[in-house]
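Just so it is clear, none of the values below were taken in a lab; they were calculated from the coordinates. Quick caveat: nothing in here was measured; it's all calculated off a predicted structure. No Cβ is skipped: glycine too gets one built from the backbone with ideal geometry, and neighbour counts run over all protein chains shown.
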Amino acid sequence: MPNDSSTTAAAILPLVGGPANVTSVAHCMTRLRLGLADPSRADGAALRAVPGVLGLVLDDGSCQVVLGPGAVTRVTAAFEDLLAATPATDAPVPGVSATAAADTPPAAAAPGGRGTGAAPAARRTAASGPKAVLRRLAAVFLPLIPALVGCGILAGVDGLLVNAGLLPGLTPALTALASGFMALFPVFVGYNTAKEFGGTPVLGGAVAAVVVHPGVAKVTAFGVALSPGQGGVLGALAAALLATRVEKWCRGRVPQTLDVLLTPTLTVLVAGLGTLYGLMYAAGAVSSAVGTAANWLLATTGPFAGLVLGGLFLPLVTLGLHQALIPVHATLIEQQGYTVLLPVLAMAGAGQVGAAIAVYVRLRPGAPLRTTIRSALPAGLLGVGEPLVYGVSLPLGRPFLTACAGGAAGGAFVGFFAMLGDTVGATAIGPSGWALFPLLAGNRGLGETAAVYAGGLLTGYAVGFAATYAFGGVTTAAATAATGDPHDPGTATGPDPDGPVAVGDDPRGPVASAANARHPQGS
């Protein structure tokens, strides 16, 4: 309900340091992602206690509040409304990173912003280090996921209708709707890249548009003719980054009276020529290598590759390193029409579901953690794993490891069939679990592709359940640590409910201990 969303947003805002401390606002499918000028002002314990908050990740200036699907969209809108209602100050502008605000000159600033000054240098959340770069790359692609999902589902429906010979008058329209966005995908990437890295978004989009323009077929350099779309997503990303650098260089040197004319012209000219005569060739070679490597990996080492990818994906998610795969997925979708990596990685969610069901079975009726699992399982089955990860398996420790084992088994299953020639791909990124079925594509028909993917899910569920039931160490102490309820009735079977449950000082196990060192309470 809107009132609930407004209440949640109003509760979160002061706990992250107030409007002046918020430098950026975004969201993905489950998380409200906030950039904070001073991360130490965020009250992690109080944020976790806010009704509706399922988990929290505080890391290097980023605050990610796990709210779950659907709720996150409404809370983000309410949060942005609260920021917009705050009187203008010299605080950072919401929706623009502090680094971008500091780097964008007054002539390039868009009117109507909340505040006009850049954040003080002492309060900048400067992007440095691999994780900061990955966060900024994610900020480029995350806003595009809804369109990828919608167009991907339409493409699947269109394919079914064409194969069945149904509604021939409608299928051309569906084809246009499904493919229109993908045809201009690099333009959106360029726009968002410039926006995230402190340039003028439309200039980033203008330079990136060169990558897909049909006229590049007439351009020849180094004895080789270009082809429209060469370099794809990676070319557009590089083009927009170059445009941003050129624009910033011009802003500092062009007289203010000529800035409105010369800066955009020089940005498009210099960055555009650099894209045509360098970046498109280099990005094209890298894109081809990415596609070749992904296909070779699964076709040659299928079960092993699936085992590793499915088993390690959950730890990558908790560390935020999975964001590095977003450009890879986008490149594969643009090249081949689908990404062969996502169905394998989706098996991590299946292992998580199996582990959560095992925990539920081991706990006695009335245990508070059973209520958490019941409420989070539907989202988990649809591929949204954060509620189960941060609410169940990661705080418990051992079930996180056994969930990874389930993901590894499911990934090995899908990888085995890939090695046999049954390619399973996804036409969009974002959904997984059952929600991925409408987006499946492959080389053997939808029925066989869906059967392989379903077999992987069932394998992940089964192994995650069996490993957790046998080795999860779900006891009273572990459940109490996870729920914070000293009256948790614990388990009906298994080891002594009052005995130790894991090696080390943290009763939640070594994984929880390691995570707790980075994010208290295993968030």
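For region 124-274, what D do you get in µm² per second when you plug the Kirkwood radius from alpha-carbon pairs into Stokes-Einstein at 20 °C and 1.002 mPa s?
Values: Rh = 17.3 Å.
Answer, rounded: 124 µm²/s.
So for region 219-320, Kirkwood radius off the Cα pairs, Stokes-Einstein at 25 °C and 0.890 mPa s: how many µm² s⁻¹?
Details: Rh = 16.6 Å.
Reported coefficient: 147 µm²/s.
Ranked highest first by the average count of other Cβ atoms within 10 Å around their residues, in what order do 466-473, 218-225, 260-267 fall? Could the numbers behind the result be given before it?
Details: 466-473: 21.2, 218-225: 9.9, 260-267: 16.5.
With the highest mean Cβ count within 10 Å placed first, the list reads 466-473, 260-267, 218-225.
Can you tell me which of 382-394, 22-34 comes out highest on packing, and rank the rest after it, using the mean Cβ neighbours within 10 Å? Each step should come with its number before you reach the end.
On the way: 382-394: 26.2, 22-34: 22.5.
The packing order, highest mean first, is 382-394, 22-34.
Summing +1 for each Lys or Arg and -1 for each Asp or Glu, what net charge is found among the other residues whose Cβ lies under 12 Å from the Cβ of A451?
On the way: positive: R444; negative: D422, E448.
Residues near A451 contribute -1 overall.
Quick check on region 159-232: what does the Kirkwood estimate of hydrodynamic radius come out to from the alpha carbon pairs, in Å?
On the way: mean 1/r = 0.0693 Å⁻¹.
After inverting the pairwise mean of 1/r, the radius is 14.4 Å.
Between rounded, prolate and oblate, where does region 326-395 land on the alpha carbon gyration tensor, with a ≥ b ≥ c its root eigenvalues, rounded for a/c under 1.5, else prolate if a/b exceeds b/c?
Values: a/c = 3.71, a/b = 3.33, b/c = 1.11.
Since a/c reaches 1.5 and a/b is larger than b/c, the shape of region 326-395 is classed as prolate.
Which residues' amide hydrogens lie under 5 Å from the amide hydrogen of G55, considering only partners 5 or more residues apart or on another chain, with H built in the peptide plane?
For G55, whose amide H was placed from the backbone, the distant partners under 5 Å are V66.
Using a simple spin-label model with points 7 Å from Cα along the Cα→Cβ vector, what separation in nm is obtained for V361 and A221?
It works out to 6.1 nm between the two label points.
Once amide H atoms are built 1.01 Å from N in the peptide plane, which residues 5 or more positions from V219, or in another chain, come under 5 Å H to H?
Residues meeting the criterion, in which the H sits 1.01 Å from N, are L226.
Non-local amide H neighbours of G231 (under 5 Å, H modeled in plane, Pro and chain starts lacking H): which ones?
Under 5 Å from the amide H of G231 lie the amide H atoms of G284, each far enough along the sequence or on another chain.
All other residues with a Cβ under 14 Å from the Cβ of V140 taken together, and with Lys, Arg as +1 and Asp, Glu as -1, what is their net charge? Could the numbers behind the result be given before it?
On the way: positive: R33, R135, R136, K195; negative: E196.
Net charge in that neighbourhood comes out at +3.
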